[in-house]
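Worksheet: one structure, shown below.
The values are calculated or read from the model by the stated rules, or taken from the named source; none is laboratory data. Computed from a prediction, not measured in an experiment: that's the story for all the values here. Cβ sites come from the backbone with ideal geometry, for glycine too, and all protein chains shown count toward neighbours. Areas reflect the complete protein model, heavy atoms only, side chains present, ligands, DNA and RNA absent. Shrake-Rupley method; radii C 1.70, N 1.55, O 1.52, S 1.80 Å.
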Amino acid sequence: MNPIRIGVIGTGSISESHLNAYSLNPNARIAAICDINEERAGQVAKKYGAEKTYADYRALLSDPDIDAVSVCTWNNTHAPISIAALEAGKHVLVEKPLARTVEEALRIEEAVRASGKLLQVGFVRRYDPNVQMLRQFADNGEFGELYYAKASTIRRLGNPGGWFADVERSGGGPLIDIGVHVIDLCWYLMGRPKVKTISANTYRKLGNRSNVQHLSFYKAADYDASKNTVEDLANAIIRFENGASLMVDVSYSLHAKQDEGSVKLYGDKGGFEIDPTISIVTEKHNTILNIQPQTDSSAGFTGDPAFQNEINHFIDCIVKGDKQISPVEDGVEMMKILCGIYESAAKGEEIRL
Ligand SMILES: NC(=O)c1ccc[n+]([C@@H]2O[C@H](COP(=O)([O-])OP(=O)(O)OC[C@H]3O[C@@H](n4cnc5c(N)ncnc54)[C@H](O)[C@@H]3O)[C@@H](O)[C@H]2O)c1
């Protein structure tokens, strides 16, 4: 079999995870690299042995020697690049979030239908072996009905600035950037229930905390302390049509003692935690049991096997027609939830989807 010829569009921080994983997949070949920063595109092409370099994604997409692309660019470009790629007959793996708005997401979904090509949304945490294991437990009824979930990703000092802090390019702040991961995890593991109502708040109180001294944090390449148009904190309660509920809070800036991540789901037969580390809670013979599954990565999410699994799955879907784990429909549904949170917060009232 000829390997799937891959074009990677966007060569910033997350592209490394895609490129490393493609380079380790025997059915994939990195054929072309594109970035508006041509110098970086050239360096990356050299490092990964890609023959072609482009500064304009349209030129890459018109190349008949490319079968599929990874879209690793700013959120505002996900829709135009994904749609153009599908129309050019390429399969697409697009980073999360699928887009900035529900309208953009629906246009992408339409392009998937019209093209008959695959589009995978980069919900990488679904591909974590621990999550797949817990999904198996949930599918086999071990937890009964999962009726309550709680997710939290708190950064006390973690607004990366640059495009992340520019609402035009990002679509929003911590909610759309890091909240998307934990909301999606809960929603996926709860069995993708239909959302009924959302009540949410967003706050802009501390800004990017560029005044803070003696503590360093990740900054985007185009960091500018004077520019920040996104929320510091978002919280929400999401009610589903089946009666289940999800509570979430997520921040870039907060007077919190430390950074915290927690993802916990509760059912009527048992519960489980994913962050900070995995564990299962159940009841047997009138006794509560805390169970510690023994897995390769039981110490928490690191990203490594998950990115490799995500890329392998993308290639397997193309080559073998495997059933998709994170199809476009889920990306659209997630945009409805994220945008619903922003809408409820802006209106100051509960909204019905
Ligand atoms: N799955 C994850 O865990 C994860 C983690 C980080 C980022 N992401 C997502 O990946 C995407 C990129 O994030 P990042 O942290 O790598 O950002 P980054 O700023 O490090 O890199 C983005 C790159 O895209 C390039 N770019 C922008 N517009 C372009 C265009 N029209 N054509 C070609 N290149 C273009 C920029 O020049 C830059 O090199 C975002 O959507 C982000 O949400 C996902």
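Hey, any idea what Rg/Rh is for segment 116-156, computing Rh the Kirkwood way over Cα pairs?
My calculation of the ratio gives 1.10.
Using R₀ = 25 Å, calculate the FRET efficiency as 1/(1 + (r/R₀)^6) where r is the Cβ-Cβ separation of residue 132 and residue 320; round to 0.05.
0.90
With the full set of protein chains in place, find how many percent of the accessible area of segment 4-123 is carbon and sulfur; take the probe as 1.4 Å.
That share works out to 50 percent.
Between residue 241 and residue 203, what length in nm is gained on full extension when 0.36 nm per residue of separation is reduced by their alpha carbon distance?
Gain in length upon complete extension: 10.9 nm.
What's the FRET efficiency of residue 59 with residue 288 using the Cβ-Cβ distance as r and R₀ = 41 Å, to the nearest 0.05?
Using R0 = 41 Å, I get an efficiency of 0.10.
Which residue fluctuates most in the GNM of the chain (Cα springs below 10 Å): 278, 14, 238?
Judging by the Gaussian network model, the answer is 14.
Would any residue of segment 143-174 have its amide N under 16 Å from a label point 7 Å out along Cα→Cβ of residue 215? List them or say none.
153-161
Express the accessible area of segment 141-188 per residue in Å², computed with a 1.4 Å probe while the remaining protein chains stay in the model.
Each residue of segment 141-188 exposes 27 Å² on average to a 1.4 Å probe.
Which helices pass in the chain if a helix is a full DSSP H run, must span at least 27 angstrom along its long axis by Cα, and must have mean Kyte-Doolittle hydropathy not below -1.0?
328-347
Evaluate the Debye formula for segment 4-123 with equal point scatterers sitting on the alpha carbons, no solvent, and hand back log10 of I(q)/I(0) at q = 0.14 Å⁻¹, in q order, two decimals.
Ignoring solvent entirely, the Cα scatterers give -0.50.
Leaving ligands, DNA and RNA out of it, report the carbon-plus-sulfur percent of the accessible area of segment 213-353 at a 1.4 Å probe.
49
Using the heavy atoms of the protein chains and a 1.4 angstrom probe, tell me the accessible area per residue for segment 4-123 in square angstrom.
Ligands and nucleic acids excluded, the result is 40 Å² per residue.
Loop only per DSSP, at most 12 neighbouring Cβ atoms within 10 Å: give me the trypsin sites (Lys or Arg not before Pro) in segment 278-344, ordered by residue number.
Those satisfying the criteria are 323.
Please state, as a whole number in µm²/s, the translational diffusion coefficient that the Stokes-Einstein equation yields for the chain at 25 °C and 0.890 mPa s, with Rh defined as the Kirkwood radius across alpha carbon pairs.
D = 117 µm²/s.
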